[in-house]
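Values in this text are rule-based calculations from the coordinates and carry no lab data. Since the structure is predicted, the reported quantities are computational estimates derived from the model, not experimental observations. Note that we place each Cβ from the backbone using ideal geometry, even for glycine, and neighbour counts take in every protein chain shown.
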Amino acid sequence: MFLHSVKLPHFKHSAESETVELALPEKVTISMAQHLGVPCKPTVKVGDKVKIGDIIGDSDAVMSAPVHSSISGTVAEITEVLHISGKNMQSVVIENDGKNEISDGVHPVKVTNREEFLKAVRNSGSIGLGGAGFPTSIKLGFDPKEKKPDYLIINGAECEPYITSDYRCFMEEGEDVLEGIKLMMKYLEIPACVIGIEKNKPKAIEKMKQLCAGTPEITVKALKSSYPQGAEKTLIYSTVGRVVKEGQLPLSSGCIVINSSTAAFIAQYIRTGMPLVRRRITVDGNIVKKPSNFIVPVGMSIGEIVYHAQLSEKPDRIILGGPMMGACAFDIDYPISKTNNAVLMFANSPVYEPTACIRCGKCTRACSMNLLPTEIEHAFDVKDAAMLEKLKVNLCVNCGACSFVCPAKHNIAEKNQLAKFFLREIKLKNEGK
């Protein structure tokens, strides 16, 4: 199978900027929607005192992970905040007391078997730190009686422009990445691991090869620098040559894919017991004077973070994540969540007016899933559900490559996602009959 891709400018300006830990802010606003799946419900009330690492939100739902306080202080408010998804979500506002007290429950975690390991991962609040936000305990909690993976694949591609947070993780916490891998392989009984890193990160490749030199079951693979190399299905094919079929999860092909920063966090949690309360964030963009990587507490506002990267002017576009798959923030006061790995600040952003499709086929040649984006767009426009299924729109990984190459400036990737929602609604409607 030939994988289509596009070449993007890297803009990795912050690659050699060592991570700086920022001072804790006066307050944080922590959303209860920190991951894919069911949002948590607050487990605290206004006036409660909390410490760093205390649970402030949880859910009984399977597809969920607990939320913890990133500062010590007082719960000042429980309110609804407009989430990046466009929905209002419950959020806990905590005012900093300046004491930086650590929760009594934070201590090294003892793990001796699979069940204890999975429980620890769930308690840590771990999610996919590459941007998707899938609860890690669910991804790792497969039933070994049904299907056991024979490959753990570590996603270190970081193929989007600007973002260097995973790269800095390799460079600064490579030992933790390796330790996290070993823990997952041990307790989940996965015999082999492949760490996939794009060739535009030679220092990270060399460092991880040196660290893994004495562990033959763990290999480091230098991947072609192309987009979307970091997409789960693309990465699986690029590293172990397997295909994930439509409607199936990577486990069906005997693989589990974990982000490199997630692997490092798992090791850090087992060693210290500190849950996921902070994130490494890349700050860059055409108005950023000092492209940087910062460690920030979950719930800190964008404005308080980018201040340290020195903006040259007021932004007209704020992107959380990369320019290809990231989402635009509503304003500078929006709080950072677990899923954010970058904040990109732009001014003088171009606004394009779409023109008629000229049937050039560029979008088709760019699609890593070998789909027909123009046909999908047309089928959605006329609301042809049968044709959308035939065109396999659900295979779309939302990488945005089709929109990037379109000379007519159509928002094809956006139409693909709308088409998925349309099909889902049709299916639910038919099931309800």
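Observations
- Counting all C-alpha pairs of region 23-104, share separated by more than 18 Å (%): 38
- Proxy reagent accessibility, fewest Cβ within 10 Å first, across Lys245, Lys49: Lys245, Lys49
- Panel values: region 232-279, Kirkwood radius from alpha carbon pairs, Stokes-Einstein at 10 °C and 1.306 mPa s, translational diffusion coefficient 127 µm²/s.
- Shown here for region 146-221: trypsin sites (Lys or Arg not before Pro) in loop regions (DSSP other than H, G, I, E, B) with at most 13 other Cβ atoms within 10 Å, namely Lys147, Lys199.
- Distance from the C-alpha centroid of region 362-433 to that of region 170-246: 31 Å, rounded to the whole angstrom.
- Taking a straight Cα-Cα cut-off under 16 Å and skipping sequence neighbours fewer than 8 places away in the same chain, the aspartates and glutamates within cross-link reach of Lys290 are Glu16, Glu18, Glu21, Glu304, Glu313.
- Taking only the Cα atoms of region 188-256, the radius of gyration and Dmax are 12.9, 38 Å.
- Overall dimensions of region 145-223 by Cα: Rg and Dmax, Å: 12.8, 42
- Shape analysis of region 252-325 places it in the oblate category; the axes a ≥ b ≥ c from the Cα gyration tensor give an a/c of at least 1.5, with a/b not above b/c.
- Integer Hz, Karplus 6.51/-1.76/1.60 couplings in order for region 185-190, x for Gly and Pro: 5, 5, 7, 9, 6, 9
- The HN-Hα couplings worked out from phi for region 6-23 by the Karplus form 6.51 cos²θ - 1.76 cosθ + 1.60 (θ = phi - 60°) are 10, 9, 10, x, 6, 6, 7, 5, 9, 4, 9, 8, 4, 5, 10, 8, 7, 5 Hz, whole numbers, x standing for Gly and Pro.
- Residue-span extension gain [Val62 to Glu425] - 0.36 nm each, minus C-alpha spacing: 128.4 nm
- Relative contact order for region 362-431: 35 percent, from Cα pairs under 8 Å spaced at least 6 residues apart, divided by residue count.
- DSSP-defined antiparallel bridges as percent of all bridges, the chain, nearest 5: 60
- Considering only His35, His83, His107, the mean-square fluctuation computed in a Gaussian network model of the chain, springs between alpha carbons under 10 angstrom, is largest for His107.
- Residue-wise HN-Hα coupling along region 361-376, computed from phi with Karplus coefficients 6.51, -1.76, 1.60 (Hz; x: Gly, Pro): x, 4, 5, 5, 6, 8, 6, 5, 9, 6, 8, 10, x, 5, 5, 4
- Exposure proxy ranking for Ser260, Ser349, based on other Cβ atoms within 10 angstrom of each Cβ and starting from the fewest, stands as Ser349, Ser260.
- With contacts taken as Cα pairs under 8 Å at a separation of at least 6 residues, region 1-74 carries a relative contact order of 26 percent.
- Unsatisfied cross-links (Cα-Cα over 31 Å) in the set Lys199/Lys383; Lys390/Lys429; Lys338/Lys420; Lys147/Lys420; Lys27/Lys233: Lys199/Lys383; Lys27/Lys233
- The relative contact order of region 145-300, computed from alpha carbon pairs under 8 Å that lie at least 6 residues apart in sequence, is 31 percent.
- Classified by the C-alpha gyration tensor, region 374-415 has an oblate form. Its axis ratio a/c, with a ≥ b ≥ c, is 1.5 or above, and a/b does not exceed b/c.
- 5 angstrom amide H check on Val257, placed H, neighbours 5+ away: Ile153
- Toward the positive end of the charge dipole of the chain, with +1 on the Cβ of Lys and Arg and -1 on the Cβ of Asp and Glu, the farthest Cα among Val111, Asn88, Pro315 is that of Val111.
- Neighbour-count ranking [beta-carbon atoms within 10 angstrom, fewest first] of Leu428, Leu152: Leu428, Leu152
- Over every Cα atom in region 105-149, the radius of gyration and the widest Cα-Cα span, Dmax, amount to 11.9, 35 Å.
- Net length gained if the chain between Thr79 and Glu18 were fully extended (0.36 nm per residue, minus Cα distance): 18.4 nm
- The C-alpha atoms of region 42-173 occupy a region whose extents along the principal axes are 49, 40, 33 Å, arranged from largest to smallest.
- Charge-dipole axis of the chain as Lys and Arg at +1 and Asp and Glu at -1 on Cβ define it, positive-most pick from His10, Leu276, Thr374: Thr374
- Viscosity 1.306 mPa s, temperature 10 °C, Stokes-Einstein D of the chain from Kirkwood C-alpha radius, µm²/s: 71
- In plain terms, if you count all Cα to Cα distances in region 103-259 and split them into 10 Å steps from zero, the share in each step is 10, 40, 38, 11, 1 percent.
- Semi-axis lengths (Å, descending) of the ellipsoid that matches the C-alpha gyration tensor of region 362-431: 21, 11, 10
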